[in-house]
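Only the coordinates and a few stated rules stand behind these numbers; no lab work does. These figures come from a predicted structure and were not determined experimentally. Cβ placement follows ideal geometry from the backbone for every residue including glycine, while neighbour counts extend to all protein chains displayed.
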Amino acid sequence: MLKRVPVLSRRPERIPHFLTSAPVYSNSDFMDYFSLIAACRETGDRFTGRKIRGAAQVSAEEVILSFGREGEILLSAAPARPGLFLLPEKISREPFLSPFNEIFSSRIRGAALVSLSMPDAGERIVFLHFQPGWPGRAGEEIILALEVMGRRSNMALVEKGRILAPLRPVPAEKSPRRPFLPGLTWKLPPPRPGKPPEQIMVQDLPELHGRSRPELIEALAREIKGLSPFTANQILLRASDGEATSILQILRETLDAADGSRGWLYASGGKTWLCPFQPVIPEGERGEVQPFQPFSAASWAWLQTDTVPEAGGNERDGQLLADLEQEESRLEKTLSFLVTEEERCATHEELRTKGQALLIHASGIPAGASSVALANPFDPEKTLLIDLDPAFSPGRNADHYFREARRLSRGLEEISRRRAAVEKDLGRAKTAREALLEKGDPDPAIALLQKDPRPKGSGGSRPAPFKGPGRRHIFGGFTILVGKSALDNERVTFQAAGPEDLWLHARDCPGSHVVILAGRQKVPEEVVRHAASLAMENSGARRDTAPEIMVAQRKWVRKIKGGKPGKVTVQNFRTIRVRKRD
């Protein structure tokens, strides 16, 4: 039988885990993507259109929605077993006093649950949509966003896209890319690799033949968002022939099975998994499967099931787990940046088309024009709006577009290679976490973390391998190039940088040319000041107290005719003063 602690032996009033002992972290403790789909479908079928009779925060990490006689919903952001649960009966509880509870109780009570949705396919995020005064005098829609993300699980009330109240505030110091504070816009977490299960096609599946079972599980979990290693293994067990078409069919059947009508618990090795599909016991493994109907009965039983800690768990494993989470976060941020860069580099064909249009219509372009609208040479019905440098002829402007297209085309190949490497490392990190939590094996985590993934450069920036001109730095999502010599300064300024990019240099002092590759994007002042610090540190003014740094768009920088490499004149610039620790 499944090892379950009777509810009455814990608390006579049948309180769930938010009043029990400290949680045990394990992948078996997560309500995965498929289980959340089942929970949402059952909740929607049962409570859509029902009015909230009571809403209260009952612990630091959990809230309960009461629909009177119809039932109650428990929403948990606790690191141990977060998720959405339908309570089999009312439980007695005391409200938890907090700023979130004050807003949550007053805004949600009396509203109607209109619908449930998952805003990002493949991610464990659930939106509960509420309508105050529904249906007679409908007020502004309020969303309760539940994020089931392990240790980073959280909740927030959202109105008009902005956070009214977060369950657990997260300042920018802890999460620069996604602070979680009142008044800020609620936004999705950084995208993870892979495609959602609903969008996967046969061609999206990885090569399966010639791989071991752990490699297959890792490959599927990497390519299919929301697919946990446990579910990936179950799909492989059910697709006995191992062909991609069979795996895709089983994946579709697994999605269809998550309708909320049934649920199962699978127990093995002291751990218990919640499944919206009937699990298969692997050959040679001692496991037990217990069915429930509906799915909420399985999730409630799973919520009360003890998880046996792995033998040998110690302080070292806890530190390894924390390091793995930090590495995963770093890899996800890097991947998000590479995806953005890949999209920018993918515009090289458009730039090449603009260059060709300029050459074709060169005779009809007036001198000194800053922009021109021309017919697309490959699709005459479409018009291209092309920016020009007024100081140059149409032919030289066309050459600039061709050079930029070649540069982006080369960059696209490099970024695609780096993206594949980062996605592979991200998959390894998740597999290492699984090995550490499920098997107590620290070797994959140690092997992954032993390499130095973050060589640091000046100012705390992280230079990446780069074969083009200048030293490359990444800061605030922008690429900054710093010239390494007089000849390299010229390459940085006139080959790598475009007319709209920002150019920086120490005023009245020899030093490196620094450019911020921004295009038409607005560059935040903190990025400009960071680049200015690089310009100061790589110039003769690095010992000055507060040297002046010139900042201008690259189009206002001109070579000195007959001058040595790197000698330029600058117009229309501004200056900023930086200090050594600016």
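The table for this structure:
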quantity	calculated
Acute angle (nearest 10 degrees) that the helix 525-537 long axis makes with the longest principal axis of the chain, alpha-carbon atoms	50
Given 13 as the ceiling on other Cβ atoms within 10 Å, longest exposed-site-free region of the chain for GluC sites (Glu not before Pro) in DSSP loops	286-582
Principal-axis tilt of helix 33-47 within the chain, Cα atoms, nearest 10 degrees	60
Compactness relative to 2.2 N^0.38 Å, alpha carbon Rg of the chain	1.16
Acute angle (nearest 10 degrees) that the helix 315-345 long axis makes with the longest principal axis of the chain, alpha-carbon atoms	50
For segment 216-305, alpha-carbon Rg over 2.2 N^0.38 Å	1.08
nm² value of the averaged projected area, convex hull over the Cα atoms of segment 458-577	6.9
Peptides ranked, highest mean first, by Cβ atoms within 10 Å: ranges 366-372, 184-190	184-190, 366-372
Largest-first principal axis extents, alpha carbons of segment 497-536, Å	29, 21, 12
Length added when fully stretched, Thr48-Val289, from 0.36 nm per residue minus Cα-Cα	83.6 nm
Exposure proxy order (Cβ contacts within 10 Å, fewest to most) of Trp300, Trp273	Trp300, Trp273
